[in-house]
Amino acid sequence: MTSEYYGMSVNERLFAADLMDSFAEACAASNVAALRHLLRSVEMPEADIEAFIAGFPQTDGNSE
């Protein structure tokens, strides 16, 4: 089975799923749980999600 997101960048996946605004809001709020959810919903590989989260600035109270 081929994913509908095959060959797309993260931005392309988020745009295709109409999740750009939600992703921007989650980034602005440093909401790691929401970021994980959104990236999983566009079928990002778990290793790529973890790499993104590891490099993302997190604030107290909003991380998992």
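The simple spin-label model puts a point 7 Å past each Cα toward its Cβ; for residue 56 and residue 43 those points are separated by 2.1 nm. Build a GNM of the chain with springs between Cα atoms under 10 Å apart, and of 29, 17, 54 the one that fluctuates most is 54. Sequence-ordered 3J(HN,Hα) estimates for segment 14-30 from the Karplus curve with 6.51, -1.76 and 1.60 and θ = phi - 60° stand at 5, 5, 4, 8, 6, 10, 4, 5, 4, 5, 4, 5, 5, 5, 4, 8, 6 Hz, glycine and proline given as x.
Read-outs: derived from the displayed coordinates by stated rules, not from any lab. What you are looking at is a predicted structure, and each value in this text was computed from that prediction instead of being measured. Methodologically, a virtual Cβ is constructed for each residue, glycine included, from the backbone with ideal geometry; neighbour enumeration extends over all protein chains shown.
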